[in-house]
Structures are given as structure tokens and as C-alpha cells.
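Everything on this sheet refers to the single structure shown next.
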Amino acid sequence: MPPVLQVRDLQVSYYTDSGRARALDGVTLELNPGEKLGLVGESGSGKSTMALAMMRMIKPPGRIEGGQVIVGDTDLMALSEEGMRKSRLSKIAYIPQGAMNSLNPVMRIGAQMIDAIRAHNPSESRAGAQERCLSALESVDLKRGVYKMYAHELSGGMKQRVCIAISILMRPQVIIADEPTSALDVVTQRQVMETLDHIQHQLGCAIILIGHDMGLMAQFVDKVAVMYAGRLMELSSVREMFNDPKHPYAQALIRSLPSLENKGVFQGIPGLAPSLLRLPSGCAFNPRCTFVMDVCKSTVPAFLPLPPSERRVACHLYAGDAEAMSLSTRTATPTEKV
Amino acid sequence: MAPLLELKNVTKTYSRGLINRTSNTALSNISLTIDEAEPTIMTVAGESGSGKTTLAMLLLGFITPTEGTIFYKGKDISTLHGEKRMSFRREVQAVFQDPFAVFNPFYTVDHLLSVPIEKFKLAKTKAQARDKMDEALTAVGLRPDDILGRFPHQLSGGQRQRINVARALVLKPRLLIADEPVSMVDASLRANILETLRSLQRDHGVTIIYITHDLTTAYHISKSIIVLYRGGVMEAGDVDTVIKSPQHPYTRLLIDSIPWPDLSRRWGETELKAKEPEGGEKTTGCRFAPRCPYVMEQCQTPPPLFQINRTQTASCFLYGSKPELEPERLSELLPV
């Protein structure tokens, strides 16, 4: 099955008074239909920039400086502004952080949903559009009555589900959800995540979940991408990530998780995330890394596959394995063809 | 000696409207005693709207209870004035949720630390004030040279939150009320802040009330826990007992809903029976009854607290055969 989303070498910089900040530095990933990817990292690691760049919603002083975002067979970066506007919501939908607080307080929920449909399909009949909104509300487990309500009449979890309903109106192939549950309590959080899971099955779309709660990732996604200072450090299946993280940063992240067994043990990650304006040379993680070598301070590690699995890691510790692997595949491919 | 802070049957009701007066009970009949002899960490947990922030505001004396009284060293805090009031203000300190909103961007962080020193006349000379600032910053694991003289925007969220803790610490408080101190901080920095709070309790003898909706961190940091739902105590007791064998259906629901970072412990093994309530229904009985999967006829009347074992109590008729516990005696059960 061809991947539904391909991000190739995506580059975004912010030009500030104190210099150029590379918020995304050559991010590459692929997503198959029906797959759920978790994007984790500390604040400032570039997670939200990644989402905005995929939507082509980066505003000055930020600029997308290169790369491709291919949804289905369309390269979003090559589209005209009007073409991109049409693609948002119908090819790729984005639920921003705190979306539930951006519902218009003086418009009924239904009117806001109709707005979204009209922007794409001005000719659609009122009745048809309304029916589409109502069924979207039903698929996120809300009553039809919500259509006629105002935002203040809904609880946080319900507002968040309204935002999910809006995002599925045009049946997109990819949905990006940026910290959809960060302000909700655990019970509501679980309900919102179950809703996302449910619509993912219904539409067969791919979901990118952005967040820093590894617990949520363990319970929801299929693949986890760990981001640090604008680069992907590791991309693995959720099982590999939790049982055997490879990148030292991923290892530290997994170690810092609380569990019921080790009461009272707090293992933070020492040091601070680097400023994007003054990245350390070589691997950005080297000042905080416990396995730091000389090569880490001079050369940026490439994001290489780590056979036999499909995972990828950007760390010099595994450079040998990856090279050996890529050699063996290079020699192996011709024989396979025979 | 009278306890440091004592809540006696405190109820807080918010009312609005002039003709059609509607009122909303944020906290009902809570009694709590905080002793200064044995510093401890106590968690107050609950979802949004459970009344946990109202409790923090009451403890800090920012709002006054509708019914009941709050005593500080044996005196009603609403009657405190002069020196006694200053000492209450100094000894009961707070750390709030948002490390970004509490700073004034026009001042360096020194300002946040030097104002309390000035107001409470803690230092005679500038050098003495600087020593106090250094001491407090070092206690929370920051290097004073890195921090002093900087503007808030130059610091990370974790650093700012630790400065807030340092600000409280300058005043040598007896009680620190931490309202969701880590919910806006990155997971990797949470550990550092929690460790800071714990060392305050251990090394500086500060009692901490940790207010949160995150039961995982509560479990790791505190000794006792009180679970609130819509202003009432649902379950309380020793944190290990409550988290590992929750008895009240609401606590069970909370604990089942935690997304554990553990692949062998799948979410949704127990089906989510009690979803979030739609609309604000009013009940005269148990507050949790409309969502409760075990709801019985009895639940139409409000359940008292039943003592399940030596260190655990729940307000639920499922435990009706156990001895009743008067709400005033809740604190006796909480381990320190």
C-alpha cells in the first residue's frame, strides 16, 4: 500500500533579530493509511512547527525553506495558495493546540461547521451540509442537539470533540492533532482519545498525535517519532520504543516515566534543551548525552535505518550497524530480484 | 499547641444573579487539619470543577468560606490583622500552575525575589538580601549566577517554576500550597520540580499541599491523598492504598483512565462506564450517582464517609457495612 503521507527533508527557519533559528532541519517520515504516529519532544523541539509546516501555515518571520509534503499523490508545497486552501481540511486537517478555546462564542456550533463546508463547497445545499454536520457530530459521540448549542454550553471534552467533528467534515486523509487533551482531566482525556481512535477506524485516515505525554503515546499510537532541536532522533514502532529505545535521548525519556513500581524515584533528563539560535556543533543532544564521543561534537549523525526492523535512529552509536546494514541490503537487492 | 491551619466544616458556594439567584457549591463540608509538627505532603486530587482550586484559595485566605471557619494557629483567619496577619501571609505560601503568567516581563527575576524580602523586612542590608536570594535559589537546584539579573523570557518553564518555589522559600513558610505546579512543564523537567518539592518537605520541614489531577505524580510525591468530586470528598487515605486498591467507583474510574506508559497495561481493558456528564444535572444524593455504574436506590441520599480500613475512607454506600467516619475526623486517618 502506498504511503498516504510522505514528508521529505522538510526545512523551516525562523528569522529573528538574534539570528536564524532552524526549527525544522531536514525532517523525513512516512505514514501509511490507518497508521497513528506520535510525535514527542520537549517544548521548543519543533513539534508544532512541524504541524504548521505540513499545513503550510508558517507565518513570517518563519519560512519553509525546502522539502516536500506529499499527501496521496499531491505535493502540498507545489500547490498554489488557493489550491492549498482547498486542500486544508479536505486532504489534511489540523486540530491546533487549545482548539477548543477557539470556537466562536457568539455563533452556534452548527453555523461554524457549515462555515467550514461552505468554504470548500459553496454549492452544497443547506440541507446536505447540515446532514453532514450532524453525522460528523454523531461520529464523535455527541448528541445532534449540540448543533444548535453555543460553545459555553459545552464542557471542555465536548468542545474538543466538536473540533474533531469539524476536522472530519471533509473526510481528510491525514489528521494532525496537536496536544488534543493537554487541558483535560484523565477521564475526559480517555474519552477524547477513544473518539479519535473511533473516527480513525471509520475514515481509515492516518493520524499524527503531537504531545509530550509518553503514557498517552503508549496507549494510542502505532509508531513514535522522537524530536529534539528540530530533528528526528528516533522513529520506531511503539513496542520497540518502550521495550528497547535506541537513541540516548529516547532512553532518557523512557526512563523518566513514572510507574507504580518505582515509587519516589524521579529521573529527569539533566541539562536544558539547547536554544535553536545557538545549537551545539555536531549532534544537538551531545551536551546532555551520557554516551558522548568525540565524533558527536563534530558531525551531525544521519537519520539511518537500523535493520532488521524498520526503525530509524540518528546517533553515532549505531553508525556501524546502519552502514553494515545498508551495505548488506545493497548487495542483497540484486540477488532478490533474480 | 493549636495546629498550623485548620478547616472546620468549610463550605464555599458561588452565587450569581440578582433575581433568579443560582448557586453552585464548589466545596461542601470539608474539615482538614494541618499540623506543623510533622511536615508531610498531601495531595488533593480531582478533575476540573471538583473544587480543588477553591480549596487552595480558601487555605491561602484569598476567599472566605460561606459556612464554617478556617483557623490559623487557633485564630479565625478572617479576624487576623496586624502582625498576626503578616505572619500568616508569610508562613502560608503558594506556587501556581502557570510559570509563564506570574512574571512581569518588564522586571528581571530578582524583582520577584526581592519584593517579598523588602515587604517582610527579612534583610537589613542589600548584601543580606542577596544572600537570602542565593540561598533560596540554591535550595531549588538553580545556580544564582545563571538566574539573577535575567529576564523571565530568557528562562525555561522549568526554571521559572523553580524560581516560584524559591520565592516561596525565601519567606521560610510552614505550608506551601502547590496548585498544579507541573502541569505546564515538560515531562522531562517535571521530575526536577517534584524532587525540589520533596526536598523542601524533607530538609526544610515545609508541609506541602499538592493540588493536581495527575494521580501518577501524586502517587510518587505524597504520603496521603484526598480525592474530590464536585466539592465533596469521595475517597481519602494513604496514597499507596488509595492508588493501588481504590475503593470508590470514582477513584477507580480515575485510575483506570490514567494512560500508563506501559504496553502490558492497556487502556480500555475496563470499559469506560461512567462518561463525562452531559450538562449540569443536579442531585440531592451522591454527587457521583449520575455517572456511577453501581448506582443503587440508597444513592438518592448523600453518603457519609465510611472507614474501610485504618488508612482509607470512601464516601459510598457500597461500604455501608463499615463504620461511619465523621468528616471532622478525616485528618486523623491521613498518614504523615
Going by a ≥ b ≥ c, the root eigenvalues of the Cα gyration tensor, does segment A:41-134 fall in the rounded group (a/c under 1.5), the prolate group (a/b larger than b/c) or the oblate group? oblate
Is there a quick way to get the dipole size of chain A? I mean about its Cα centre, with the Cβ of Lys and Arg at +1 and of Asp and Glu at -1; what is the value in debye to the nearest 20? 620
What is the list of residues in segment A:147-187 whose amide nitrogen lies under 14 Å from a point 7 angstrom out from the Cα of B:A101, following Cα to Cβ? A:183
Taking Cα atoms, the helix A:319-337 axis meets the longest principal axis of chain A at an angle in degrees (rounded to 10) of 70
Taking the Cα centre of segment A:213-282 as the origin, how large is its charge dipole in debye, to the nearest 20, when only Lys and Arg (+1) and Asp and Glu (-1) carry charge on their Cβ atoms? 220
Top to bottom by accessible area (1.4 Å), largest first, where do A:V221, A:V300 land? A:V300, A:V221
Over every pair of different alpha-carbon atoms in chain A, take the mean of 1/r and invert it; report that Kirkwood radius in Å. 21.5
Where B:R266, B:R162, A:R278 fall by accessible area, highest first, once all protein chains stay in place (1.4 Å): A:R278, B:R266, B:R162
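Over all residues in A:269-276, what is the mean tally of Cβ atoms on other chains that come within 10 Å of each residue's Cβ? Before the final figure, lay out the partial values.
Values: counts 6, 2, 1, 6, 5, 0, 2, 0.
Counting Cβ atoms of other protein chains within 10 Å of each residue's Cβ and averaging gives 3.
With 27 Å as the limit, write out which pairs from A:K59/A:K246; A:K59/A:K143; A:K159/A:K246; B:K12/B:K322; B:K84/B:K172 have Cα-Cα distances beyond it, or answer none.
Violating the 27 Å Cα-Cα cut-off are A:K59/A:K246; A:K59/A:K143; A:K159/A:K246; B:K12/B:K322.
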Heavy-atom SASA rank of A:H316, A:H201, B:H204 (probe 1.4 Å, accessible area, largest first): A:H201, B:H204, A:H316
Skip the ligands, DNA and RNA, and give the accessible area per residue of segment B:1-141 with a 1.4 Å probe, whole Å². 54
Which angle between 0 and 90 degrees, to the nearest 10, do you get for helix A:156-167 versus the longest principal axis of chain A when only C-alpha atoms count? 90
Over chain B, with a Gaussian network built from C-alpha contacts below 10 Å, which listed residue (B:M234, B:M296, B:M42) shows the highest mean-square fluctuation? B:M296
Calculate the mean, over all residues of peptide A:206-215, of how many other protein chain Cβ atoms lie within 10 angstrom of the residue's Cβ. 2
For the protein assembly as shown, which whole-number percentage of the solvent-accessible area (1.4 Å probe, protein heavy atoms only) is attributable to carbon and sulfur atoms? 51
Projected area averaged over orientations for chain B, convex hull of C-alpha atoms, nm²: 19.7
At a probe radius of 1.4 Å, what is the per-residue accessible area of A:C315, in Å² to the nearest 10? 20
Report Rg(Cα)/(2.2 N^0.38 Å) for the protein assembly as shown, keeping two decimals. 1.03
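Averaged over A:172-184, how many beta carbons belonging to a partner chain fall within 10 Å of each residue's beta carbon? Working shown, then result.
Details: counts 0, 0, 0, 0, 0, 0, 0, 0, 0, 1, 2, 3, 4.
So the per-residue partner count for this stretch is 1.
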Keeping all protein chains in the complex and leaving out DNA, RNA and ligands, what accessible area do you get for A:S139 with a 1.4 Å probe, in Å² to the nearest 10? 20
Taking only C-alpha pairs under 8 Å that are 6+ residues apart, what is the relative contact order of chain B in percent? 21
Bounding extents of segment B:103-175 in its principal axis frame from Cα atoms, largest first in Å, are 30, 25, 20
Suppose every K and R has +1 on its Cβ and every D and E has -1 on its Cβ; what is the size of the dipole of segment B:73-192 about the Cα centre, in Debye to the nearest 20? 560
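The values are calculated or read from the model by the stated rules, or taken from the named source; none is laboratory data. From a predicted model like this one, the values you see are computed outputs, not experimental measurements. All Cβ positions, even for glycine, are placed from backbone atoms using ideal geometry, and neighbour counts span all protein chains on display. To get the accessible areas, we keep the full protein, side chains included, count just its heavy atoms, and leave off ligands, DNA and RNA. Shrake-Rupley method; radii C 1.70, N 1.55, O 1.52, S 1.80 Å.
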